[in-house]
């Protein structure tokens, strides 16, 4: 599995602007971001910037969100 950063540039309040995700591929990253979406909506994650940051060597074998950036309003 890999460590991915997914982020968006256009956001408001009560929404996520990015996540650090542990996943096998970019499709899983987008799916997890969409599942956790708040006021930003789900469609915005389909065009988000995704960066592969390296290899995950932890013991968890299921994709998960490790860290999120949330903007409360």
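Annotations
- Using alpha-carbon coordinates, inclination of helix 26-35 to the longest axis of the chain, degrees: 40
- Rg over Rh for the chain works out to 0.97, using Cα positions for both radii and the Kirkwood form for Rh.
- Relative contact order of the chain, pairs being alpha-carbon contacts under 8 Å that are 6 or more residues apart, as %: 47
None of the figures in this text is laboratory data; all of them are computed from the coordinates on show. Nothing here was measured: the structure is a model prediction, and the numbers come from that model.
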